[in-house]
Amino acid sequence: MMIGIKNASKLVGISVISCCAVLVCTMFLNFYLDISSIEDEITSELSLIFYNAQVSTAKVVCLVSGGCLLITSVVMLMFYIKHYIDTHKKELGILKALGYSNLKIAVNFWVFGISALLGTAVGFGGAFLLMPKFYALQNEDKILPEIAIRFHPTVFLYFVVLPTVGFSLLAIGYAWRKLKKPVLSLLKNDFRTFVKTKKYREEKINDASFVAYLKKTTLRSKKTLTFFILFASFCFSSMTQMSFSMKELSSEMMGAMMLIIGLVLAFTTLFLAVTTVMKGNTKTIAMMRIFGYSQKECAMAILGGYRPVSYTGFAIGTVYQYALLRIMVDIVFKDMEGMPAYQFDVPVMLISLAIFILIYEILMAVYSDQIKKISMKEIMME
Amino acid sequence: MIEVKNIIKSYGDGESRFQVLQGVSLEMEDGDFVVILGASGSGKSTFLNVISGLERPDSGEVLYDTIDIAALSDNELTSFRKENVGFIFQQYYLLPNMDVDRNVKMGADLAGNKDYRTVIEAVGLGEKLHKYPSELSGGEQQRVSVARALAKKPKILFLDEPTGALDERTGRQVLDYICKLKNKYNFTIVMVTHNGNIAEMAKTVVKMNSGKITGIYRNEVLKTAYEIGW
């Protein structure tokens, strides 16, 4: 029908996030399962403490990273389906008018699960490629007996098969729910009809300028995008800072892996979110330009509201990485000998912040420049 | 005074290149009410876009007194539109997630107009200040777009088929509001329409066909919106 692989390919964000989640979780869960099989071979107390610490780490990392990234992927999937339905209202309305049932249309949304399959498969394969090095590093001092890498079908089931099936079913279910609208409301032009009117009705008139008000409205109207921008900054902040601490606490490999995952997650999410913000506001920008608002004013109204959000994300990421490492060092590895002391690294935080501000502002400047390219005919061609 | 000299505008490239405006020249006095009349594809909307600074001509001059807006940079052109021009389109293009008050404020803020609610009252929407576009009828939405355009106190108001999406009665009502406000604020009106009867309301009527002006005439007696046929 009308939803194909091409549409699923736009869900690159879900692929990237699920790839990162599965990469990390597969490595740690596989390690956990393999290390569990050698529990009986552990005889010394030191080995047992080390073993318990490794098991706890694997559990914590799987739950925290996997859970956090899973939630983000689900939110992103739902956002994209809603966005898809909003931008294809007319076509979907025509299908419904022709007699297609909601379920029959919704079933076509299964292809969105392909994005999860792609991400999880790459993540799973990547994890097995990195595993020999990872296992060696986890047992660098040979405290534990040799840990052999084994393929566990359950891990494949949990991290590749189930997410793909789950995401496909979720996509169908969510689309089915969203399609439960009268045909006419789908057929009408969304530019004039999709507004959530009641929500802001009670708002008192204030003297805020139009630009300031639009900034606030843009931020409020797409809360999911606000979440993604917060998440992107959070990822950048926590992963970059954690990667430097990991170099000392764990290994260079763990640090580098964390840094790469953090940067990929942060930039993919930020890029997708800001692009969606821009696309969603093309008509508003075109109208503002027609009336004589400058490029700077348009950028401030559409993108300016996200600046405090992204800096808040950075702050949350900083606190999160500190708390997580504190827990790891003080609770999980508390009995481990030779564990280096962990202190909050102010210079690393400042460097990360400076790099973050620089990259964020450059990105915003690039997007702001795109406003110039928005054709005012865009609005007149309808 | 607006003086348009030998405007040429084409679209497309190579063999598919099509000259929409073929050397159009025209003069419009301050405070004039000009209707540009023509069938679909005559080039009237492109002409409106060029003289309002939304599009650049391939060649020719668009002089506002002594300033040639065709030669202005993008920033200068934005500034020009901000200070001089108001727009009303057939499809209204109101911001859907803002109420009437905020939509009109969009125009008012550009002129620093704190008194913009008087314009909302003037178009008969004082009671619907906090209604959203989706809660208004087509005629009411177009009146909001009239208020939005006038709240920025333009010297020239450009209208592209302002009644095209409205029924006869509502169309007349909108035109009546525009004429009353023109008398009050004395701005220049340049309106594009294919409806020949609306031309009877204008001082100057410009007829266009195939990218050329085929006739210009002036009405001695102006009819009101309620006196014209539809």
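Values as computed for the structure displayed
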quantity	calculated
Check on B:Arg143, in contact with a Gly (Cβ under 8 Å, 6 or more places away or on another chain) and within 14 Å of chain A (Cβ to nearest Cβ)	no
Answer residue from the stretch A:87-134, given it is hydroxyl-bearing (Ser, Thr, Tyr) and part of a helix (DSSP H, G or I) and is farthest from A:Leu265 (Cα to Cα) among those	A:Thr87
Number of the exception - B:Gly164 against (1) part of a helix (DSSP H, G or I); (2) more than 12 Å from chain A (Cβ to nearest Cβ)	(1)
Residue list for the stretch A:240-281, filter: free of Cβ contacts under 8 Å to residues at least 40 places away in the same chain, in contact with a Gly (Cβ under 7 Å, 6 or more places away or on another chain) and either buried (at least 19 other Cβ atoms within 10 Å of the Cβ) or among the β-branched types (Val, Ile, Thr) (or both)	A:Ser243, A:Met246
Residues located in the stretch B:120-134, provided they are at pLDDT 90 or above and within 14 Å of another protein chain (Cβ to nearest Cβ)	B:Ile120, B:Gly126, B:Lys128, B:Leu129, B:His130, B:Lys131, B:Tyr132, B:Pro133
Total residues in the stretch B:102-135, condition buried (at least 20 other Cβ atoms within 10 Å of the Cβ), out of contact with any Pro (no Cβ under 9 Å at 6 or more places or on another chain) and not in a helix (DSSP H, G or I)	3
Selection status of B:Thr170, within 19 Å of B:Ser52 (Cβ to Cβ) and buried (at least 16 other Cβ atoms within 10 Å of the Cβ)	no
Of residues in the stretch A:300-321 being surrounded by fewer than 21 Cβ atoms within 10 Å (Cβ to Cβ) and within 14 Å of chain B (Cβ to nearest Cβ), the one farthest from A:Ile71 (Cα to Cα)	A:Met300
When residues of the stretch A:289-321 are limited to those that are part of a helix (DSSP H, G or I) and without any contact (Cβ under 8 Å) to a residue 24 or more places away in the chain, the one farthest from A:Gln241 (Cα to Cα)	A:Phe291
Single unsatisfied condition, A:Ile285 versus (1) within 25 Å of A:Asp86 (Cβ to Cβ); (2) at pLDDT below 85; (3) aliphatic (A, V, I, L, M)	(2)
Residue that is farthest from the other protein chains (Cβ to nearest Cβ) [pool: residues in the stretch B:57-101 that are assigned to a loop (DSSP other than H, G, I, E, B) and over 20 Å from the mean Cα position of the chain (by Cα)]	B:Thr66
Test result for B:Ala149, under 30 Å from B:Gly229 (Cβ atoms), among the small types (Gly, Ala, Ser) and facing another protein chain (nearest Cβ under 9 Å)	yes
Positions within the stretch A:26-69 being within 25 Å of the chain's Cα centre (by Cα) and of a type in the set (D, E, K, R), in sequence order	A:Lys59
Candidates A:Thr72, A:Thr164 - the one that is of a type in the set (Ser, Thr, Tyr), within 20 Å of the chain's Cα centre (by Cα), buried (at least 19 other Cβ atoms within 10 Å of the Cβ) and within 27 Å of A:Leu325 (Cβ to Cβ)	A:Thr72
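The values are calculated or read from the model by the stated rules, or taken from the named source; none is laboratory data. None of the values given here were measured: they were computed from a predicted structure. Virtual Cβ from ideal backbone geometry, glycine too; neighbours counted across all protein chains shown.
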